[in-house]
Amino acid sequence: MEMKNILVVDDSISNLLLIKDILSSNPEYNVICEKDGDRVLQQLNANKIDLMLLDIMMPKVDGYEVCRHVKEDAGFKDIPIIFLTAKVDEASLLRGFECGAVDYIKKPFLISELMARVKTHITLKKTNEKLKNELFKHSITQQNLLNSQNELTIRNNIAQYFLTDKGDEVYPKLLEEILKYVSMDYGAIGYIDNIYSDDDTDVRHLVCPAIYSGAIESDKNYTFAIEDIGDVALAAIRRQTIIQKNNVSKLFFTNEEVTCMIASPIIYHEKLIGLIACASRENDYAEKSKQKLQSISGFIAPAIYNRIHDANENAKLIKSVAVTQEQERARFVKDIHDGLGSYLTTLTTYISIIKSGMLDAQEYNNMLDDMSNIVVEMANEARNIANNLHPDIIAKLGLVDSIKYQFSRLYVMNRNTKLNFDYAGYVDLESQDVQTELYHIACELMNNAFKYAHATQIDIVLESDGKNVSFKYHDDGVGFDVEKTMQRIKGKKSSGLINIRERISKLNGTITMESRPHGGMTLAVEI
């Protein structure tokens with residue numbers, strides 16, 4: 001396995017540690033941290049860097065200047081640079097791209113977004129390097145080289161659109177790139193509105209957020225019944241393969257006459273999720289265009305599928321929140337404790353560090369900035385609880401990454417505490433309620449491990465088959481007498497152990513717990 005070296009440049013030690021902890025979860029990534037921007041070129045000379053994450057605001061040399069120096073060096077100009085920035089105004093972003101950056105990540109960032117963007121640009125760089133090696137190895141013609149570079153550019157553009165455009169605004173840009181790539185004049189791209197339905201294909205509809213033809217040029221959504229979209233497109237959907245027609249035809253979305261039409265279904269995991277149709281007055285390049293369209297359909301299929309999947313999941317979540325709203329009000333006090341307790345614990349730790357007087361001026365200011373961000377997150381969490389929403393982090397990251405994120409927050413209290421998290425046997429749960437309760441249970445247990453048990457090792461095993469779920473927890477902390485402790489806290493609603501028992505009872509689950517003084521703690525939950 002070839003390791004990928006990622007250089008992270010940030011003057012904040014806490015940011016460096018957090019990013020390194022997140023990226024190191026991928027065994028293929030070797031993360032190199034650097035605090036000073038003026039030492040970047042030394043690191044580049046000492047290591048083969050595949051990607052750079054660069055903070056813009058640094059005291060000695062800012063990120064813009066560092067980026068310019070790197071891009072001016074012929075040996076390093078191909079290294080992709082992603083800016084880490086809280087400045088997302090148009091002028092700042094434009095300045096970053098003019099310096100040579102390929103992307104940016106807004107602070108504070110989501111773990112899933114950070115991992116996705118890093119993976120995208122690592123993959124693009126690897127693809128580009130592989131392409132160059134293959135071109136050199138096989139001595140292909142200059143025209144083939146140009147075509148390959150054009151395809152890589154278009155794929156890179158499409159990847160950027162999917163990362164930056166969150167709604168249907170991505171489709172007009174996609175269509176423009178596709179038409180340019182396949183050398184066609186007119187086109188439409190759309191997705192099936194109910195790909196998760198078991199109904200027959202004929203009752204489904206094609207939603208087209210983007211159309212370009214001689215008659216229509218719009219980003220307005222047009223919806224077509226499957227049987228109304230034309231013989232070539234309908235045949236492509238029915239056979240789930242690309243279809244080409246080379247005679248005078250009428251496009252299904254306009255009265256424009258064309259001599260060549262190509263339609264390709266968008267397929268992901270053997271499921272029809274959409275359609276691309278392209279047309280032109282010329283037909284002498286139809287076969288080449290057909291191959292290109294087939295390639296690009298496969299390339300965009302996973303991203304479109306994930307967008308539709310996320311939209312469906314968000315709809316389910318909104319419906320679930322509406323149904324359970326009144327029931328959740330009764331748990332308001334407990335949710336305040338579980339939702340905000342970890343933030344308060346982290347703030348207490350930061351205050352203790354500041355009071356120790358061991359920080360220099362820069363570290364002091366950075367820690368104040370971190371504390372300010374935590375206060376903002378606490379306000380958002382409190383607002384979510386007050387409105388009876390599930391924790392925002394669950395909807396954004398999912399259960400597994402939410403637990404990892406909570407541990408990274410607590411990690412600053414004791415960097416000797418390690419987490420062994422085994423979720424290989426876990427399949428995402430449909431129930432948002434179960435994910436929420438398991439997240440709160442994990443938070444409660446990890447808070448206790450750091451704050452009271454002084455554990456050095458935490459082990460969590462999470463397993464499910466999509467319906468049944470098993471959650472097992474163990475730490476090597478100070479432990480306690482279970483029977484005496486449960487008797488002592490009986491009736492105390494603010495107790496973490498009582499909260500955990502009540503949460504499991506609410507889900508009709510079972511819980512077993514073992515502990516003894518100086519013997520750690522083990523807890524198992526079955527739902």
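Worth a mention:
- Efficiency of FRET from Cβ geometry, residue 526 and residue 106, R₀ 41 Å, rounded to 0.05: 0.55
- For residue 519, the shell of other residues with beta-carbons less than 15 Å away shows a net charge of -4, using +1 for Lys and Arg and -1 for Asp and Glu.
- When both segment 447-500 and segment 108-135 are represented by their alpha-carbon centers, they are found 40 Å apart.
- Label-to-label distance for residue 424 and residue 281 is 6.2 nm, based on points extended 7 Å past Cα in the beta-carbon direction.
- Cut-off 12 Å between beta-carbons: net charge of the residues surrounding residue 296, Lys and Arg +1, Asp and Glu -1: +2
- All other residues whose Cβ lies under 14 angstrom from that of residue 33 are scored, Lys and Arg at +1 and Asp and Glu at -1, for a net of -3.
- Calculated FRET value between residue 169 and residue 498, using beta carbons and R₀ = 41 Å, to 0.05: 0.25
- Take the Cα of residue 490, step 7 Å toward its Cβ, do the same at residue 267, and the gap between the two points is 6.5 nm.
- Difference of contour (0.36 nm per residue) and Cα-Cα distance, residue 78 to residue 60: 4.0 nm
- Theoretical FRET efficiency, 1/(1+(r/R0)^6), r = Cβ-Cβ of residue 451 and residue 132, R0 51 Å, to 0.05: 0.45
- Sorted largest first by accessible area at a 1.4 angstrom probe radius, with every protein chain in place, the residues 11, 428 fall in the order 428, 11.
- Sorted from longest to shortest, the spans of the Cα atoms of segment 430-527 along the three principal axes equal 38, 31, 19 Å.
- Rolling a 1.4 Å probe across all protein chains gives residue 405 an accessible area of roughly 40 Å².
- Inter-site label distance for residue 48 and residue 371 at 7 Å from Cα along Cβ, in nm: 4.6 nm
- Sequence of 272, 131 from largest to smallest accessible area, 1.4 Å probe: 131, 272
- Of the residues 443, 464, 525, the one whose Cα sits farthest towards the positive end of the charge dipole of segment 400-527 is 443 (charges of +1 on Lys and Arg Cβ, -1 on Asp and Glu Cβ, taken about the Cα centre).
The values are calculated or read from the model by the stated rules, or taken from the named source; none is laboratory data. Not measured: the values here are computed from a predicted model. When we count neighbours, we look across all protein chains shown, and the Cβ atoms used for this are built from the backbone with ideal geometry, even at glycine. To get the accessible areas, we keep the full protein, side chains included, count just its heavy atoms, and leave off ligands, DNA and RNA. Shrake-Rupley method; radii C 1.70, N 1.55, O 1.52, S 1.80 Å.
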